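> Take a look at this one; I'll ask things after.
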Amino acid sequence: MRISRLQALALAGLLGLAGRGIASTAGKPCTPDPYVSSRAVQLALCNGGFADRQRVAQVYSRELGLSAATAAKLADILAAQQALLEKGGGRSSLAPEPEIRRIESEFILLLNQESDNPRIAEEVSRFYNLEYWFSQSPSPSLLDLVARSANPARLAARLAEHGYSQASAEVLFTGLAVRPETAVLWHRAAQLTLDDPAWKIALLEEACRWLATGEAGRPMDAAPAAAIATELLETQLDHGLVPQALAALQSLPPAVRSSVERGSEGRVKTKVGGLPFEGQMRDLRPQLVAAYLVAGDPQAASRLMAKIEPVPAAKARRDLELAAGENARQALARWLHPSPEDPFDVLTAALTREREDTGMLALARLAERERYPAIAAYCLGLLARGERESRFKPASGVPARVRAAAEATRGEIEKVRQGFADEARADREAARTAFGPDPAAATMGRLLRAPAAVRFAERPLPEGVAPVELPREDRETPAGDGGGNEAAGRFRPGPRRAPGGPRRGHRRIPGLRSGGRGLQRRLLGAPVVRRRLDLGAAALYRPAGQPALCGTGGLGAPPAGRRPPPDGGRDRGARSGENLVDEKTLFLIADRGLFSTLEPTSRVVVLTAEEAEAAKQKFGPFYPQRLELFVFDRAGRRAYVIWNASWQGGQTLLEEQPDGTWTAWATANWIT
């Protein structure tokens, strides 16, 4: 799982301030680590802690160059802060607000006396990065101190250097209210938007605007301008704002645009207007090629595509990220150079890079053109889902122009996502037509529309009756969890094999034989499947004698190809002592047509995405497994599957062998 820099710094700061990870003894020199805790906190912990306040003050005077009075005051404040954190187990959010505010007031008094001292500003900055401040505003007296300081931009930058909180954002906007031309502060504020793309784009646009204007008539260095432009373009492309991104690219100064189109990469660390700046350059050329293709400009796409070097096969085998990038490049090349050959391998290989960006949109468009609507629906569904946004709450001092830009961008993003959702539904319907009419749809709809059959009212136990707790070993796993006791993921991840290549990382699947030329029979073909794939195909089984929950017979039809018991299965539970109502049930979200010729050996309910949502509204939350994608090549002899069991998932390539059996390769998987 990828951890953001915000999370890493916040966590490291909390752990450091709580005094963890320090193993030095008193008197020994400390090695400063800004990602763990402040220099002052480390000095105290490496010299016996805060118990001897006078000793700590002496260390501060000697090591930090502070006056005796300032050193003593800082030692007192940090000691109180440390005690508060240790009392709350390192969590400032558990501390009483009066105590937090009292420490804040002490910091403000000290900062007022030493507003030009970077050591004091660092301690205040780290204080405002405590989790308490993630959703709290700083004292108005601090904001007033920033606004009336000799250099508001510099003080605001120092106070927000280590902070990723709401308080830090308000400090930055206070500085910007006085010095709006400071591009570094606009860029820094964009990092505090908590993944709210609308606000991030608006703030980065403002940073680009002021950088282009320059300070005191001097042209700005192209490196920081290119880093900010890269971040802006990447955010726009990640959220489907293709016209906006291409317009922003065209508006860049020639030197900056050239840097972006060369695919420059690396960290940019410099000073802009006397303030420290840090940014990151990334190679956006594949996404820009995709954007040009989606926008209908193949000539511009071809010119940029010619600058992207293919990844050698040897490197791709050693580096999964390089391999994914090469797969995406090949999909773009297929768009630019159409071919009558089946693009199944190109399309499915590109799916291993599940990024919600313009590259995925281009893949969806290519899949539509190549008559693979199921792949298009999957890609568009990812884009419609997007990231879980956290609504950023900016300070009241943000200019009206920037607020209006953020709201307009939010509306554009919502409109684009809704368009993706509509297109995904249309492509899913196009893919379903291959299976013919769904005989279970009407029955399923009627059952979901009907009111719940059983309602329970909570009543107190009669007087004198105590509740009984079952022993732990006797408790059953709750039914309806989407998987019962069936575990998905029986295959280890293996390398993707090109057709005709060596068979490594795969398993042969006994019992899965081709039974004809029909699409459903090409799935796994045999009338009875004995073993399960790692793609959640436990859904293919149900017990003999039980009603078919999916298939050509519809709900309630007897199983095809298998003789029911004499009593029709009505007394099976009574004879065996089993309660059929409590039997484990696997809930799947998939197309029922995929299972129409198959017989599961345990109870399975297959729902469409719309039916699953209706069931959730009616019965409450449940977590069905999903077959996100199940698509065949044009010959019907290979298939690609993407499955999701909420806490784990993966991608699997299936291929029919000459003897009628199928082999499977796990091309990707994940677990949380």
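The values are calculated or read from the model by the stated rules, or taken from the named source; none is laboratory data. Here the structure is a predicted model, which means the values were calculated and not measured. Reconstructed Cβ throughout: ideal geometry from the backbone, glycine too, with neighbour counts over all protein chains shown. When the accessible area is computed, the model is the full protein with side chains, heavy atoms only, and any ligands, DNA or RNA have been set aside. Shrake-Rupley method; radii C 1.70, N 1.55, O 1.52, S 1.80 Å.
> At q = 0.10, 0.13, 0.15 Å⁻¹, what base-10 log of I(q)/I(0) does the Debye formula yield for the range 581-672 when every alpha carbon is treated as an equal point scatterer in vacuo?
For the range 581-672, the Cα-only Debye profile gives -0.32, -0.54, -0.71.
> Still on this structure, I have one more. How are the C-alpha pair distances of the range 359-451 spread across 5 Å bins, as whole percents from the shortest bin up?
Percent of Cα pairs in each bin: 2, 12, 15, 14, 13, 13, 11, 8, 5, 4, 3, 1.
> Accessible surface of Leu45 in the full protein assembly, 1.4 angstrom probe, to the nearest 10 Å²?
40 Å²
> For the range 167-292, what are Rg and Dmax over the alpha carbons, in angstrom?
My reading of the Cα-based Rg and Dmax gives 13.9, 41 Å.
> With just the Cα atoms defining each centre, how far is the range 583-649 from the range 90-156? Give it in Å.
Taking the Cα centre of the range 90-156 as reference, the centre of the range 583-649 is 53 Å away.
> Sort the following peptides by mean Cβ neighbour count (other Cβ atoms within 10 Å, averaged over residues), highest first: 622-631, 434-443. Intermediate values should be presented prior to the final figure.
Numbers: 622-631: 21.1, 434-443: 14.8.
Most protected by this proxy first, the peptides run 622-631, 434-443.
> While we're here: With N residues in the range 62-151, what two-decimal value do you get for its Cα radius of gyration over 2.2 N^0.38 Å?
Ratio of Cα Rg to 2.2 N^0.38 Å: 1.08.
> How much accessible surface does Phe50 have with a 1.4 Å probe, in Å² rounded to 10?
Ignoring ligands and nucleic acids, Phe50 comes out at about 30 Å².
> For Lys315, which lysines qualify as cross-link partners when the Cα separation must be under 20 Å and same-chain residues fewer than eight apart are set aside?
Lys307
> Given the C-alpha centroids of the range 408-443 and the range 295-312, what is the distance between them in whole angstrom?
30 Å
> Between His337 and Ser67, what is 0.36 nm times their sequence separation minus the Cα-Cα distance? Round to one decimal in nm.
Numbers: separation 270, 0.36 × 270 = 97.20 nm, distance 7.12 nm.
My answer for the length gained is 90.1 nm.
> Computed over the Cα atoms of the range 288-329, what is the ratio Rg over Rh, Rh following Kirkwood?
1.09
> Give the calculated FRET efficiency between Gln648 and Leu320 to the nearest 0.05, with a Förster radius of 25 Å applied to their Cβ-Cβ distance. It would help to have the intermediate numbers written out before the result.
Details: r = 18 Å, r/R0 = 0.72.
The pair Gln648/Leu320 has a calculated efficiency of 0.90.
> Then there's this: If you keep only loop residues by DSSP, which chymotrypsin sites (Phe, Trp or Tyr not before Pro) in the range 131-184 have at most 15 other Cβ atoms within 10 Å of their Cβ?
Details: sites: Tyr132, Trp133, Phe134, Tyr164, Phe173; in loops: Tyr164.
Nothing satisfies the criteria.
> Could you state the accessible area per residue of the range 275-403 in Å², with a 1.4 Å probe and every protein chain left in place? Let's see the in-between values first.
Numbers: 6190 Å² over 129 residues.
That works out to 48 Å² per residue.
> Take the residue pairs Lys200/Lys269; Lys393/Lys415; Lys271/Lys415 and return only those whose Cα atoms are more than 30 Å apart. Working shown, then result.
Values: Lys200/Lys269 21 Å; Lys393/Lys415 22 Å; Lys271/Lys415 38 Å.
Violating the 30 Å limit, Cα to Cα: Lys271/Lys415.
> Which trypsin sites (Lys or Arg not before Pro) from the range 408-462 combine a DSSP loop assignment with at most 16 other Cβ atoms within 10 Å? Don't skip to the end; give the middle numbers.
On the way: sites: Arg410, Lys415, Arg417, Arg425, Arg428, Arg432, Arg446, Arg449, Arg455; in loops: Arg455.
Listed in order of number, the matching sites are Arg455.
> State in Å² the accessible area per residue of the range 593-672; use a 1.4 Å probe, count heavy atoms of protein chains only, and round to the nearest integer. Could the numbers behind the result be given before it?
Numbers: 3040 Å² over 80 residues.
Here the per-residue accessible area is 38 Å².
> Taking only the alpha-carbon atoms of the range 254-405, what semi-axes of the equivalent ellipsoid follow from 5 times the gyration tensor eigenvalues under a square root, in whole Å, largest first? Please list the in-between numbers first.
On the way: eigenvalues 204, 93, 50 Å².
Square roots of five times the eigenvalues give 32, 22, 16 Å.
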